[in-house]
Amino acid sequence: MPLLVVLSRNPTYPQDPSLDELYLEAPGSIHGPPPRTPGTLTKMMSRLMPLARRYNRKPFGPLRRASEHRIREWILDRQEADGSWAGIQPPWVYSIFALHALGMPLDHPVITRAIDGFSTFLQHREGRVRMQSCLSPVWDTALAAIALAESGTGDDDDALARARDWLLAREVTREGDWRRIPRRGEAGGWSFEFHNEWYPDTDDTAEVLMALLHAGVPRHDHAIRRGVDWLLAMQSKGGGWGSFDVDNTSSLITQFPVCDFGEVVDPPTEDVSAHVLEALVECGVPTGHPAIRSGIKYLRRTQRADGSWWGRWGVNHVYGTGAVVPALIRCGLRPDDPCIRAAVHWLKEHQNDDGGWGEDVRSYADPDWVGRGDSTASQTAWALLGLMDGDPGSEAADSGARWLVDTQRADGGWDEDAFTGTGFPLDFMIKYHYYRLYFPVTALGRYATRMQA
């Protein structure tokens with residue numbers, strides 16, 4: 001929404017010193033790239049763009065003022081307690097630009113609060129300033145709590161208890177924009193960031209629910225039940241789950257000429273659907289429930305011909321496959337099910353000679369890189385988690401666990417320079433600095449438990 005204002009108002013700010021050295025070509029001399037997923041309407045909309053630009057220079061005044069007023073109020077309604085919008089950098093920055101372009105002075109309390117809060121995203125190191133795209137405290141805390149529990153820490157451990165209490169305090173109990181379209185479900189989920197009450201997401205909610213169970217919260221707890229009910233309401237028609245919305249699959253918006261970067265829709269994905277299914281079953285939803293049966297069908301349908309699953313939020317097929325196999329086993333499939341056997345075969349085929357697993361980010365664009373890359377701690381852990389349910393006694397699982405043990409640093413951590421998280425596949429990768437810690441601990445903890453059994 002704020003980007004619409006920025007595109008129509010086109011605010012400019014003089015730079016001193018000049019930033020012209022950032023351009024490879026003269027500004028304005030190169031036309032933008034085509035939309036990421038062009039369609040039958042792209043050519044027609046491209047022809048209409050000059051007319052749209054001409055109208056934008058001299059719009060119908062009353063209509064434009066009414067539109068901008070509605071957008072301004074929409075933006076103001078959605079500012080979070082920390083001054084952010086959605087708790088992440090892009091809408092935060094564009095909202096400041098948009099409100100200022102609409103006449104709000106920089107000393108207005110809304111913009112002052114936004115700029116003050118934005119300082120938390122800036123890291124000052126060795127005379128340089130680095131801006132982060134997002135912070136992931138809920139996600140990290142849930143996965144760290146799961147790692148502690150899987151490694152043998154009791155639910156009375158102080159660290160696990162404090163994580164439990166912190167997560168319970170972060171439950172989203174207000175209706176957000178997710179409620180506008182499906183018009184079903186009651187509030188009860190978790191978001192990714194410190195403050196983001198308008199946009200909880202199914203992936204974080206699933207992991208938080210499993211973390212709470214590990215920390216001793218009973219299934220009948222009100223927060224658990226609200227989270228389960230919300231996840232059930234957020235299932236899309238095809239059986240899968242998107243991250244933030246329901247049935248957000250229309251390709252119309254993706255054909256606009258300006259949609260040349262990232263994703264503008266939120267369709268169901270295999271990795272998120274797997275996490276949700278696993279959480280629902282762990283929280284007591286029976287495997288015969290229609291939502292579980294529909295989710296299983298979705299995962300069967302989306303399995304690749306080679307036996308793997310694609311990863312939307314982690315790189316890439318190793319992430320997707322490592323998430324889906326445990327979920328399907330929790331949903332009642334046996335290790336000898338054909339889709340589980342095919343997935344296990346894929347994991348074994350793509351194990352590196354050193355015993356670990358890795359997959360390069362280029363796999364999103366180049367099929368030759370699928371399942372290929374230098375071994376990393378997080379990706380080896382994902383593969384091992386899949387094998388722990390699909391083929392726990394295999395030599396591949398033993399080799400993967402041995403790689404994690406052999407590459408552990410003296411201080412208990414692992415080195416991982418690679419980016420194994422995604423924001424927009426093909427465009428924007430994210431480095432989660434804790435992936436190299438809690439996923440290996442989770443995998444090794446589960447491995448030790450299975451071997452002892």
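The values are calculated or read from the model by the stated rules, or taken from the named source; none is laboratory data. Fair warning: this is a prediction, and the values are worked out from it, not measured in the lab. Don't worry about glycine lacking a Cβ; one is built from the backbone with ideal geometry, like all the others, and counts go over all protein chains shown.
If the requirement is being in the same structural domain as residue 149 (by TED's automatic domain parsing), in contact with a Ser or Thr (Cβ under 7 Å, 6 or more places away or on another chain) and among the acidic types (Asp, Glu), which of these qualifies: 354, 415?
Answer to the check: 354.
When only residues in region 148-164 that are among the charged types (D, E, K, R) and in a loop (DSSP other than H, G, I, E, B) count, which is surrounded by the most Cβ atoms within 10 Å (Cβ to Cβ)? Explain how you work it out, then say what you get.
First pass over region 148-164, keeping only residues among the charged types (D, E, K, R): 150, 155-158, 162, 164.
In the following step, the residues that additionally are in a loop (DSSP other than H, G, I, E, B) were identified as 155-157.
Details: 155: 15, 156: 9, 157: 17.
Step by step, filter region 148-164, then rank; the result is 157.
Can you name the residue in region 96-124 that is small (Gly, Ala, Ser), touching a residue at least 12 places away in the same chain (Cβ under 8 Å) and more than 20 Å from residue 191 (Cα to Cα) and is also surrounded by the most Cβ atoms within 10 Å (Cβ to Cβ) among such residues?
First, the residues of region 96-124 that are small (Gly, Ala, Ser): 98, 101, 103, 114, 117, 119.
Going one step further and asking which of them are touching a residue at least 12 places away in the same chain (Cβ under 8 Å), we end up with 98, 101, 114, 117.
So of that shortlist, the ones also more than 20 Å from residue 191 (Cα to Cα) come out as 98, 101.
Values: 98: 26, 101: 16.
The selected residue is 98.
Report, by residue number, each residue of region 165-180 that is outside any helix (DSSP H, G or I), of a type in the set (Lys, Arg) and over 15 Å from residue 74 (Cα atoms). Don't jump to the end; show me each part of the working.
Just the residues of region 165-180 that are outside any helix (DSSP H, G or I), to begin with: 170-176, 180.
Keeping just the survivors that are of a type in the set (Lys, Arg) gives 170, 174, 180.
Answer for region 165-180, where residues must be outside any helix (DSSP H, G or I), of a type in the set (Lys, Arg) and over 15 Å from residue 74 (Cα atoms): 170, 174.
The rows are residues; the columns are (1) surrounded by fewer than 22 Cβ atoms within 10 Å (Cβ to Cβ); (2) within 21 Å of residue 308 (Cβ to Cβ); (3) in contact with a His (Cβ under 8 Å, 6 or more places away or on another chain).
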{"residue": "358", "(1), (2), (3)": "no, yes, no"}
{"residue": "367", "(1), (2), (3)": "yes, yes, no"}
{"residue": "374", "(1), (2), (3)": "yes, yes, no"}
{"residue": "377", "(1), (2), (3)": "no, yes, no"}
{"residue": "402", "(1), (2), (3)": "yes, no, no"}
{"residue": "413", "(1), (2), (3)": "yes, no, no"}
{"residue": "423", "(1), (2), (3)": "yes, no, no"}
{"residue": "428", "(1), (2), (3)": "yes, no, no"}
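Output the qualifying pairs, or none if there are none: Cβ atoms under 6 angstrom, residues six or more apart or on different chains, first residue in region 201-213 and at pLDDT 95 or above, second residue part of a strand (DSSP E or B).
Listed by first residue and then by second, the contacts come to 202/241; 204/190; 205/189; 205/190; 208/190.
From the list 363, 378, 394, which one is in contact with an Asp or Glu (Cβ under 9 Å, 6 or more places away or on another chain), among the hydroxyl-bearing types (Ser, Thr, Tyr) and either within 26 Å of residue 266 (Cβ to Cβ) or assigned by TED's automatic domain parsing to the domain that holds residue 152 (or both)?
None of the other options fit; the residue is 378.
Here is a yes/no grid of residues against (1) modelled with pLDDT under 90; (2) assigned to a helix (DSSP H, G or I); (3) exposed (fewer than 11 other Cβ atoms within 10 Å of the Cβ):
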site	(1), (2), (3)
26	yes, no, yes
33	yes, no, yes
47	yes, yes, yes
54	no, yes, yes
64	no, yes, no
76	no, yes, no
83	no, no, no
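Answer yes or no: is there a residue in region 149-166 that is more than 18 Å from the chain's Cα centre (by Cα) and over 30 Å from residue 448 (Cα atoms).
To start, the set of residues in region 149-166 that are more than 18 Å from the chain's Cα centre (by Cα) comprises 149-166.
Pick out the ones that are also over 30 Å from residue 448 (Cα atoms) and you get none.
Checking region 149-166: not a single residue is more than 18 Å from the chain's Cα centre (by Cα) and over 30 Å from residue 448 (Cα atoms).
Within region 116-132, can you find the residues that are out of contact with any helix residue (DSSP H, G or I) (no Cβ under 7 Å at 6 or more places or on another chain) and in a helix (DSSP H, G or I)?
116, 117, 119, 120
Condition check ((1) touching a Ser or Thr at 6+ places or on another chain (Cβ under 9 Å); (2) crowded, with 21+ Cβ neighbours inside 10 Å; (3) of a type outside the set (A, V, I, L, M, F, W, C)) across all residues:
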{"position": "215", "(1), (2), (3)": "no, yes, no"}
{"position": "220", "(1), (2), (3)": "no, no, yes"}
{"position": "249", "(1), (2), (3)": "yes, no, yes"}
{"position": "281", "(1), (2), (3)": "yes, no, no"}
{"position": "285", "(1), (2), (3)": "no, no, no"}
{"position": "310", "(1), (2), (3)": "yes, no, no"}
{"position": "316", "(1), (2), (3)": "yes, yes, yes"}
{"position": "321", "(1), (2), (3)": "yes, yes, yes"}
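Counting only residues that are within 30 Å of residue 289 (Cα to Cα), give me the helices (runs of 4 or more DSSP H) lying completely in region 309-412 with at least 3 of them.
So the answer is 317-330, 338-349, 377-390.
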